[in-house]
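**Q** The structure follows.
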Amino acid sequence: MPEADWAIIVHGGAKTIKAALHQRNRDGCLAAAEAGAALLRAGGSALAAAQAAICVLEDDPLFNAGFGSVLNADGEVEMDAAIMNGADLGVGAVAGVRRIRNPVILAAAVLPAKPVLLAGEGAERFAMANGIALCDSRDMIAAERLASEYAKAHDTVGCVALDIHGHIAAATSTGGLPGKHPGRIGDSPIPGSGLYADDRLGGVAFSGDGESILRTMLAAQVMQALTASPADIAVQAAITQLQRVGGEAGAIVMDAAGRFGIAHNSEHFALALHRSGWSEGKGAIHRNELEMCLNE
Ligand code: GLY
């Protein structure tokens, strides 16, 4: 694939997707990629594009992030999110937040501050101090979650974007595992595990079993592999590392030239990508389907 002036890839989670929801997953991811692409096309930053794409996924109850988050063992929502700036290796991350409509917006507010990761009540106090309104935690529970249509999904959403200035950003957002222990934090807000971005190499965002991804530092492994390998080889090598500890995961990678890599050991991995030179984005519910779209 040739180099791109700008590019964006999003995922809606590594999971098994019921056939009836395949198109909704494609459409949801495409809408997110398009939101980011609209900014990138107009010269906007990779950070702004990644945030905009994740907000679309957080607002869609289909996905386990923001409004669609799964419930913990107490029947409450606890969300994690992060955003990373490949230009200066800045990271903003939040964990265990309950009253934040769009956790990625709070993570982006943390980005210029000294802390990298704020958790729980402290993160919510930071939100209030920075003009981000708190909502009622009960308003974060989508009706579909209670009806359990999507209750078993344990996905995460993620995005990697490259802007016309050559900057890369990566972002993640999740409700974590359904029925998780209150206070449990997964890989998503942890740089080097759930995400990473470095303008010199590229960016990566993971979805899947957080404990397995944390124990194997998968985002760090991808970044190390990118020093010597193309994006598709680097990401596949990281997913292969999971065999040491078990677990299901998927990852999207983009190198500094806007070339994509995708790998997952889950049955499905909702995806969409868009780049300069394309008239529209492409969505898929697993890597093979996306490759077929690219070869058409
Ligand atoms: N990958 C999301 C989590 O395990 O929390």
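**Q** Which loop GluC sites (Glu not before Pro) in the stretch 213-281, with loop taken from DSSP, have no more than 16 other Cβ atoms within 10 angstrom of their Cβ?
**A** Answer in residue order: GLU267, GLU280.
**Q** Under a 5 Å amide H to amide H cut-off, with H placed in plane at 1.01 Å, what residues pair with ILE190 once short-range neighbours are removed?
**A** Here LEU195 satisfy the definition.
**Q** Then there's this: Starting from the residue with the highest accessible area, list GLU296, GLU34, GLU3 in decreasing order, probe 1.4 Å.
**A** GLU296, GLU3, GLU34
**Q** Something else: Return the sequence-ordered ³J(HN,Hα) values of the stretch 36-43 in whole Hz as given by the Karplus equation 6.51 cos²θ - 1.76 cosθ + 1.60 applied to θ = phi - 60°, using x for Gly and Pro.
**A** x, 4, 4, 6, 5, 4, 8, x
**Q** If you count only protein heavy atoms and use a 1.4 Å probe, how large is the accessible surface of SER212, to the nearest 10 Å²?
**A** Using a 1.4 Å probe on the heavy atoms, I get roughly 10 Å².
**Q** While we're looking at this one, here's another question. Round to the nearest 10 and report in Å² the accessible area of LEU294, as given by a 1.4 Å probe over the protein chains' heavy atoms.
**A** Accessible area of LEU294: about 60 Å².
**Q** Turning to a different aspect of this structure: Where does the chain land at 222 nm, in deg cm²/dmol rounded to the nearest 500, when only DSSP H runs of n ≥ 4 count, each adding -39500 (n - 2.57), divided by all residues?
**A** Rounded to the nearest 500, it is -9000 deg cm²/dmol.
**Q** Taking the Cβ of HIS22 as the centre, find all other residues whose Cβ is under 13 Å away and add up their charges (Lys, Arg: +1; Asp, Glu: -1).
**A** Value of the local net charge: +1.
**Q** Can you give the % of DSSP beta bridges in the chain that are antiparallel, to the nearest 5?
**A** Rounded to the nearest five, the antiparallel share is 95 percent.
**Q** Right, another one. Using a probe radius of 1.4 Å on heavy atoms only, what accessible surface per residue do you get for the stretch 64-118? Whole Å² is fine.
**A** Result: 31 Å² of accessible area for each residue.
**Q** First check a/c for the chain, with a ≥ b ≥ c the square roots of the eigenvalues of its C-alpha gyration tensor; if it is under 1.5, answer rounded, and if not, answer prolate when a/b is larger than b/c or oblate otherwise.
**A** Here the chain falls in the rounded category.
**Q** Hey, what did the chain get for relative contact order, percent, Cα under 8 Å, at least 6 apart?
**A** Relative contact order, the chain: 25 percent.
**Q** Tell me, what % of the accessible area of the chain is carbon and sulfur with a 1.4 angstrom probe?
**A** 52 percent
**Q** Stretch GLN243-MET128 to full length: gain in nm at 0.36 nm per residue minus the Cα-Cα span?
**A** Here the segment from GLN243 to MET128 would lengthen by 37.2 nm.
**Q** Using alpha-carbon positions, what is the distance between the centroids of the stretch 43-70 and the stretch 71-105, in Å?
**A** Each part reduced to its Cα centre gives a spacing of 11 Å.
**Q** Quick check: pseudo-label points 7 Å beyond the Cα along Cα→Cβ at ALA38 and ALA257, how many nm apart are they?
**A** Inter-label distance under the simple model: 3.2 nm.
**Q** Which percentage, to the nearest 5, of the DSSP beta bridges contained in the stretch 1-142 is antiparallel?
**A** 65 percent
The values are calculated or read from the model by the stated rules, or taken from the named source; none is laboratory data. Because the structure is a prediction, the values reported are computed rather than measured. Please note: Cβ atoms are built from the backbone with ideal geometry, for glycine as well, and neighbour counts cover all protein chains shown. Protein only, heavy atoms only, side chains kept; ligands, DNA and RNA dropped before computing areas. Shrake-Rupley method; radii C 1.70, N 1.55, O 1.52, S 1.80 Å.
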